[in-house]
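A short reminder: the numbers here are calculations on the coordinates, not readings from a lab. No experiment lies behind these values; they were computed from the predicted model shown. Every residue, glycine as well, gets a Cβ built from its backbone with ideal geometry; the counts of neighbours run over all protein chains shown.
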Amino acid sequence: MKRRNLAVRLTPKEWKARWKEIHPPLTAAEALVEANRCLYCYEAPCIGECPTHIDIPSFIRKIALGDLRGAARTILSENPLGGSCARVCPTETLCEGACVYNRWGREPIRIGLLQRRAIDHVFDERYEPIPAQEREDGAARVAVIGAGPAGLSCAAVLARLGHAVTVYDGRKSAGGLNRHAIALYKATPKYIDREVAAIRKLGVNIRREVKVGRKPSVADLLEKYDAVFLGPGLGEETRLNIPGENLKGVSAALDFLDELHNREVEKIRVGKRVAVIGCGNTAIDAARAAKRLGAEEVIVLYRRTRGEMPAYNHEYEGALAEGIEFRWLVAPVRLLGRAFVTGARCVSMKLGARDRSGRPRPVPVRGSEHTIACDQVIYSIGQRSDIRFLSTIEGLKTDRHGRVVVKGETMETSVPRLFAGGDCVNGGKEVVNAVQDGKVAARSIHTLIGGSKEASHA
Amino acid sequence: MPDLTADLAGIRSPNPFWLASGPPTNSEYQIARAFDAGWGGAVWKTVGEPIVNVSSRYSSLDIGTRRMMGFNNIELITDRTVEDNLREVASIKRRYPDHAVIVSLMVEPKRETWHEFVKMSEDTGADGLELNFGCPHGMSERGMGSSVGQVPEYTKMITSWVKEVARTPVIVKLTPNITDITFAARAAYEGGADAVSLINTINSITGIDLDTFVPRPAVAGKSSHGGYCGPAVKPIALHMVSAIAADEGAPIPISGIGGIERWDDAAEFILLGASNVQVCTAAMHYGFRIVEELRSGLSTWMEEKGFETLDDFRGRSVNAVTDWGNLDLSYKIVASIDWKKCINCKLCYIACEDGAHQSIELVRRRGEMIPSIKQDDCVGCNLCSLVCPVDDCIHMVERDPGRGDTWKSRVSAGKA
């Protein structure tokens, strides 16, 4: 029988068994025990490590005292996407990594799961802890570009402050990378849809499948609205730029993950032996997804070593535990195959002098070329700034990496009344960083634009 | 192995752990299970004219995830007939001759009735009697329980009635619902009691159901104040035991009761003068099996301290309790933080800053702000060491061993 490309496909039953949540929610009783473990530190280090500065000891104490609504209010007041952050945040390196219990040689408080407990509770009882203020005459009209974490955060905070917000997003469904790329064993599209629905209930108008660029342009929006927030994220995944990358069976990790989020289970296929190129968190997400989809072997190829990989250690450990193989100091030079990819011609590397990123530069080892057989290649070697879109905005200042330049304390760009945040500013960080940017921008829009209107109104 | 044998006014038991009169000592079946588990003695659930109980009888004070830190009941004395109870007392005494079996009594305040009950009870072969002058709920409304214990004259009178006919030792169980326990103890002593046991339960309302607005435990939409016990009451009991132990007006053996659930609780009662201890709530919480850890822990501690019998340490701490006026005003300790152990939760800092004497500052060390004691400002109050979650992280260090400068000495020197 002829060997078929992307031959592996899970039955719905297998899918269910393999795609269980990686951190299942705490039961009410477990949450109570966990909340009671918290020491309620003063000037707690967990708060400092949370990019949105949630008052973690306070919300945990509220859970311990049975006040889940109050806990959710504390969380959402600093982080409008507290529910998805509870699921997708790398808590191991953020709040939980800072927990004083670590120094005590004890398991840190499971802050992420406690946060989830509080937010899930108010979602389940359809309770809005921070309803939108009534819109007054002085309310600002704000356009938000991009319904990802930064845009949604900005929109939610503004709506709560009583402003009129319209979010524009080019995709079919709102949520951004949270909706289209987050590992499904952390957060499901279904959950993100629910979170988006809660934000819409605050009065936020979300216009999907409207790509801002030519028409409407950012200039059009600035004309129509009092302020505009720019949260488009980054552009496409950087291409490999090697021969064979257009072969069937080769895809960017974000496209691969997007398919996973938006296609019926029965239609998703994966190779038997999958090579993943790159070792960032998205690459690992893709590798772990491929393995869950039924790939027999998944090999991550990285041109540097574990010491330099951009991925979090806990993600690497998780992948390792799931049987994913890592090959260090290997880079593909050509992808092999006629129509379908059948292998990657690779070269071994060694570490040379430090480059501009401060990491040792990988240098090819002469005569080390070898072939790694595979029937699928997924690459994730970084996302670039969406220069094509950003260049449509007259007067917008970007840095040499194409990142939008903002004033940190207000998120104002070089264009008056245009604010920005999220990956387009930071070059690609966590969901929680984008949420913080959106919140800061919303608060400064409120002060600089909405606030001045309010003052004149009063 | 140390000898745990206990002796309360001549009543001997293989160990000092007795079950206090209450739900766990309601029947021969239960007490047999308890003795098999290793309890040294048991005070039978109070015998008297059988009563009718309400449904919904207990409530508790939970703190954090700790259940039953405090426990409250509105159950009355036995609801079984006098005959049934006493027949089973006789049977258990026959089956367990080496264990202490005490009959607790609560009878209407009539001399003849008391005489009758004392005789019936002693006919069982029981080792002694305990007069329940303590229950603060229900029976007190009928002129019994704490309504006797709260009036020293009644306590003395009824005790003397009992002593007129009793042949076995008489223990008077005292209520803590009074202002000064020594008055009650003296009354019992003067009435001829051979021992006192304390504390009985404390009047309480543990809490209110915030949906129904009715306090717990609820009985058809209403509640009543109940008797409070459990670990939360131990400090009150220890104080009362120590007050009686130190009182020259009532040189009487003591059976310690109140919140005992660990071996070290028992050691503390004995250090303050108790000859044995009685346990109820902990047995209701965990079952009779807890006596295993009680005996083992006490035995281990005695072994480590070189104590061979309970008498080797009984009452040892009585004299360490004195009037405030005898405390040395020149003695000085200050807090000291072991930075190697500090996890930097800053609980000590905020406790001192808001709740004490602003004697802790945050200083920069290795790139972070950590608490540091302002030694000259520290008054040595202990608060920081109490809130610190890490064992042995904050020590109180002696700065001045004291020079005997007490308030009383100042008064007598005319300097106060």
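Before moving on, here are some points about what is shown:
- Applying a DSSP loop filter and a limit of 12 other Cβ atoms within 10 Å to the trypsin sites (Lys or Arg not before Pro) in segment A:167-223 leaves A:K172, A:R214.
- Seen against the Cα atoms of chain A and their longest principal axis, helix A:189-201 is set at about 20 degrees.
- Under 14 Å from the Cα of B:K173 - aspartates and glutamates, other chains or at least 8 residues apart: B:E130, B:D194
- Here's the picture: a label point sits 7 Å out from the Cα of B:R399 along the beta-carbon direction, and within segment B:319-353 the residues with their amide nitrogen under 18 Å of it are B:328-338, B:349, B:352-353.
- Remark: the Cα gyration tensor places segment B:290-416 in the oblate category, a/c being 1.5 or greater and a/b not exceeding b/c.
- Note on A:I242 and A:K407: the model spin-label points, each 7 Å out from Cα along the C-beta direction, lie 4.7 nm apart.
- Estimated FRET transfer efficiency when R0 is 60 angstrom, pair A:V333-A:A29 (beta carbons, to 0.05): 0.60
- Here the simple spin-label model places points 7 Å from the Cα toward Cβ, and for B:S296 and A:E317 these points are separated by 3.4 nm.
- Links that overshoot a 22 Å alpha carbon limit, given the list B:K332/B:K374; A:K201/A:K439; A:K201/A:K429; B:K234/B:K346; A:K20/A:K201; B:K119/B:K156: A:K201/A:K429; B:K234/B:K346; A:K20/A:K201
- Annotation for segment B:272-288 versus segment B:1-27: alpha-carbon center distance of 9 Å.
- In terms of its alpha-carbon gyration tensor, chain B comes out prolate; a/c meets the 1.5 threshold, and the first ratio a/b outweighs b/c.
- In segment B:131-264, Cα pairs under 8 Å separated by at least six residues give a relative contact order of 24 percent.
- Rounded, prolate or oblate (a/c below 1.5 giving rounded, otherwise prolate when a/b exceeds b/c) for segment A:257-367 by Cα gyration tensor: oblate
- Alpha-carbon centroid distance for the pair segment A:391-422 / segment A:209-248, whole angstrom: 15 Å
- Couplings 3J(HN,Hα) for segment B:41-54, derived from phi with the Karplus relation 6.51 cos²θ - 1.76 cosθ + 1.60 (θ = phi - 60°), are x, 8, 9, 4, 3, 3, 9, x, 5, x, 10, 10, 8, 8 Hz, where x marks Gly and Pro.
- Distance from segment B:326-379 to segment A:67-111 (C-alpha centre basis), Å: 28 Å
- For the protein assembly as shown, the antiparallel share of DSSP beta bridges with both residues in that region comes to about 45%.
- Measuring gaps between exposed loop sites in chain B (GluC sites (Glu not before Pro); DSSP loop; at most 14 other Cβ atoms within 10 Å), the longest gap, sites not included, is B:1-247.
- The 3J(HN,Hα) values that the Karplus relation (6.51, -1.76, 1.60; θ = phi - 60°) gives for segment A:91-100 are, in residue order, 4, 4, 9, 9, 3, 5, x, 8, 4, 4 Hz. Gly and Pro appear as x.
- Folded to 0 to 90 degrees: helix A:431-445 orientation relative to chain A principal axis, Cα: 30 degrees
- With R₀ fixed at 22 Å, the C-beta to C-beta distance from A:E125 to A:K190 puts the FRET efficiency at about 0.75.
- Ordered from longest to shortest, the equivalent ellipsoid semi-axes for the protein assembly as shown are 72, 31, 29 Å, each the square root of 5 times a Cα gyration tensor eigenvalue.
- Here segment A:186-230 is scanned for amide nitrogen atoms under 20 Å from the site 7 Å beyond the Cα of A:E21 along Cα-to-Cβ, giving A:186-199.
- Normalised contact order of chain B, rounded percent, pairs of Cα under 8 Å and 6 or more residues apart: 14 percent
- Compared with the direct C-alpha span, the chain from A:E92 to A:S368 gains 95.6 nm at full extension, assuming 0.36 nm per residue.
- Both numbers refer to the Cα atoms of chain A; Rg and Dmax are 23.0, 79 Å.
- The alpha-carbon of A:K267 sits under 16 angstrom from the alpha-carbons of these aspartates and glutamates, leaving out residues fewer than 8 places away in its chain: A:E14, A:D255, A:D258, A:E259.
- Fewest-first sequence of A:M349, B:M1 by Cβ atoms within 10 Å of each Cβ: B:M1, A:M349
- Between amide H atoms placed 1.01 Å from N, distances below 5 Å from A:V363 occur with A:K350, A:L351, A:G352, all of them 5 or more places distant or on a separate chain.
- Helix runs (DSSP H) in chain B reaching 15 Å along axis by Cα, Kyte-Doolittle at least 0.5: B:234-245
- Estimated 222 nm signal from helices in chain B, with DSSP H stretches of n ≥ 4 weighted -39500 (n - 2.57), rounded to 500: -9000 deg cm²/dmol
- Listed values for segment A:272-278 are Karplus-derived 3J(HN,Hα) couplings in whole Hz (6.51 cos²θ - 1.76 cosθ + 1.60, θ = phi - 60°), namely 7, 10, 10, 9, 10, 9, x, and x replaces Gly and Pro.
- Annotation: lysines with alpha-carbon distance below 24 angstrom to A:K215 (same-chain offsets under eight excluded): A:K172, A:K224, A:K397.
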